[in-house]
Amino acid sequence: MAEPIVPPGFGPPLGMYSHGMVVRAGDLVIVAGQVGLGADGRVPGDDVISQTKQALENVRAVVEAAGCTMRDVVRLQTFLTRAEDIPGFMKARQELFPTYFPDKVYPPNTLLVVDRLVRPELRVEVEAMAVRHRRPTTKKPTRRARRRR
């Protein structure tokens, strides 16, 4: 399980994220930038809220395909194409994050405003990193060869 880092003297984060996170060893799962395209290749709407929800659901699908849950996500990086979309992006997160992170331990997130994404109608892209925790393996006992004298 990841542990949030709260440096002495720091105030709370500006949103639903942690300043940092310590993660126990495991397999690193890297999720490529996910945009607001459904499985059918369609954009669910031209608004940032619907595209953010779809992008986050796409992240969730990749994370789960790796054998993780969203609670295993230890870093997000978000790209928006319009600064005025920040409130809509935050609204979408407020709606989804309680289901993804019920303990309210949110992964660190960097939010960048960029000129555009790969397709002009896309308004948000979300990258993620997760840790797939290693499960203890049960090794079969090996027989040691007896020494003969």
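Readers should treat all values here as calculations from the given coordinates under stated rules, not as data from a laboratory. This one's a predicted model, so the numbers in the text were calculated from it and none came from an experiment. Note that each Cβ is placed from the backbone with ideal geometry, even for glycine, and that neighbours are counted across all protein chains shown.
Can you give me the relative contact order of the range 18-133 as a percent, contacts being Cα pairs under 8 Å and 6 or more apart?
Result for the range 18-133 is 45 percent.
From the Cα gyration tensor of the range 1-65, with a ≥ b ≥ c the square roots of its eigenvalues, which class applies: rounded if a/c is under 1.5, or else prolate if a/b is larger than b/c, or else oblate?
Taking the square roots of the gyration eigenvalues as a ≥ b ≥ c, the range 1-65 is oblate.
Toward the positive end of the charge dipole of the chain, about the Cα centre and with charges on Cβ (Lys, Arg +1; Asp, Glu -1), which of Met90, Gly15, Ile30 goes farthest?
With unit charges placed on the Cβ atoms, the residue in question is Ile30.
How much of the DSSP bridge set in the range 18-133 is antiparallel, in percent, rounded to the nearest 5?
Roughly 75 percent of the DSSP beta bridges within the range 18-133 come out antiparallel.
Okay, helix-only estimate at 222 nm for the chain: each DSSP H run of n ≥ 4 adds -39500 (n - 2.57), divide by all residues, round to 500 deg cm²/dmol; what do you get?
Mean residue ellipticity at 222 nm (helix-derived): -7500 deg cm²/dmol.
Summing +1 for each Lys or Arg and -1 for each Asp or Glu, what net charge is found among the other residues whose Cβ lies under 13 Å from the Cβ of Gly15?
+3
Restrict the search to the range 1-106; then list the chymotrypsin sites (Phe, Trp or Tyr not before Pro) that DSSP places in a loop and that have at most 16 other Cβ atoms within 10 Å of their Cβ.
Phe10
What does the charge add up to near Glu125, with Lys and Arg as +1, Asp and Glu as -1, over the other residues with Cβ less than 11 Å from its Cβ?
Result for the local shell: +2.
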